[in-house]
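Visitor: If you scroll down you'll find the structure; I have some questions about it.
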Amino acid sequence: MSFDSDAFTQYREYLRRNASNIRDAMIMPVDSPLRGIYREPFMNRYAELPEQNLDVKSVSISATDSSEFSRELYSGPFFILVRSYSKIQGRVYVDFKSSIASVTPEEVKRETIIMMESSEHRSLMKLLASESPDIALVDGSLMGRIGRCQNYQASIDADEDYCMGLRSLLEAAAKKTTLVFVSKSTRSRMLRDTLLGEAEQNPLVEAERNSWHFDHYIIKSLAEKPGYVKPMLVNMNIGNMKFDLMVSDLLPRMEDVPIRFEVFGAHVPFETVLQVMMYGYTGYKVYNLWLSDIDNMVKFRKSEVENVYLKEFERVTGIPFYETRGERRARIRI
């Protein structure tokens, strides 16, 4: 691949012309009147990190994550593989799902996300049937998952019902562990809206309610030292079952991004969860030791897919796994 100096010149010029707007979209300008609105309520809810004094080895911790592979068949449907691993002290509980789904290219991402999350729920259920971790870490958002099921209607096929599986997981977890869902990025405005509700009301506050600003924009703009947002209590439900969650954001280092974590269950106190989150952070790329480990284990590798799963597809069906035009272009870079 040759380097296109003309394209790079245009790119550099774009950055030069838009540098100020790009910075403002990531960090609130120092002279922004919004700082005056947010500062006091934010400081009331933001706390300095406690001293690291927990012996984490005394806390049993599991981690759950999933991976997917999807490829469009020449006839239109998508061939999808999903697997999830839940690991505790070297023991791994596996869930695997394969399917051929008649969905559009635009729908396949949503389909695979639902399949991956459902697989995580089943994998963790297998672990909880045999193990009792103090803390069960899961990659992703619990609020987002429950939010899909707020207006839940039971499915005839309970084994394939996303909301039924999530509800069963929460019921099982409530008896024996504390679930902690962890994510590096979030489109949540919960903290933002809470702060605006606590600020002195004026037209600027009302206008800000309709802005695109998310919670992590607020934290990165206003935090003056590493710390965390004091946990916020959230009430949610799946059908007639109600859940209380604690939601917080951790900023482990000033140069890094916040980490959202959502806590369900009270088998360990929030302070212990915070200490575990602090201990497990070793930099932006390894934002959680346990989740990074399981992510590396569960991830589908290209050689594995090509040489094992697709070869078996061809052997059993007798049909070659034809590439689509887009995949062929991606492979040979044309």
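The values are calculated or read from the model by the stated rules, or taken from the named source; none is laboratory data. Not measured: the values here are computed from a predicted model. Here the Cβ positions follow ideal geometry from the backbone for every residue, glycine too, while neighbour counts run over all protein chains shown. To get the accessible areas, we keep the full protein, side chains included, count just its heavy atoms, and leave off ligands, DNA and RNA. Shrake-Rupley method; radii C 1.70, N 1.55, O 1.52, S 1.80 Å.
Visitor: Considering only residues of region 208-232 that are of a type in the set (D, E, K, R) and more than 12 Å from Arg192 (Cα to Cα), which is surrounded by the most Cβ atoms within 10 Å (Cβ to Cβ)? Before the answer, list the steps.
Guide: Of the residues in region 208-232, the ones of a type in the set (D, E, K, R) are 208-209, 215, 220, 224-225, 230.
If we keep only those that are more than 12 Å from Arg192 (Cα to Cα) as well, we get 220, 224-225, 230.
Values: Lys220: 16, Glu224: 9, Lys225: 10, Lys230: 12.
Ranking the candidates gives Lys220 first.
Visitor: Looking only at region 174-184, which residues are under 19 Å from the mean Cα position of the chain (by Cα) and either open to solvent by 50 Å² or more (accessible area, probe 1.4 Å) or within 15 Å of Phe243 (Cβ to Cβ) (or both)? Outline the logic, then answer.
Guide: In the first step, residues of region 174-184 are kept if they are under 19 Å from the mean Cα position of the chain (by Cα); the result is 178-184.
Scanning region 174-184 gives Thr178, Leu179, Val180, Phe181, Lys184.
Visitor: Is it the case that Tyr14 is within 27 Å of the chain's Cα centre (by Cα), among the aromatic types (Phe, Trp, Tyr) and not in a loop (DSSP other than H, G, I, E, B)?
Guide: no
Visitor: Continuing with the same structure: Inside region 39-143, counting only strands (runs of 3 or more DSSP E) that do not spill past its ends, which hold 1 or more residues that are open to solvent by 60 Å² or more (accessible area, probe 1.4 Å) and of a type outside the set (S, T, N, Q)? Before the answer, list the steps.
Guide: Values: elements: 46-48, 61-72, 78-88, 91-101, 135-139.
Where strands (runs of 3 or more DSSP E) fall fully within region 39-143 and carry at least 1 residues being open to solvent by 60 Å² or more (accessible area, probe 1.4 Å) and of a type outside the set (S, T, N, Q), they are 46-48, 61-72, 91-101.
Visitor: Any chance you could count how many residues in region 229-243 are touching a strand residue (DSSP E or B) at 6+ places or on another chain (Cβ under 6 Å) and farther than 15 Å from Met190 by Cα?
Guide: Within region 229-243, residues that are touching a strand residue (DSSP E or B) at 6+ places or on another chain (Cβ under 6 Å) and farther than 15 Å from Met190 by Cα number 1.
Visitor: Further question on the same structure: Tell me yes or no: at least one residue of region 193-207 is at pLDDT 95 or above, open to solvent by less than 10 Å² (accessible area, probe 1.4 Å) and either among the charged types (D, E, K, R) or within 24 Å of the chain's Cα centre (by Cα) (or both).
Guide: yes
Visitor: Also, I was wondering about something else. Looking at region 300-312, I want the residues that are closer than 21 Å to Tyr85 by Cα and have a partner that is among the hydroxyl-bearing types (Ser, Thr, Tyr) with Cβ atoms under 6 Å, at least 6 apart or on another chain. Which pairs are those?
Guide: Phe300/Ser67
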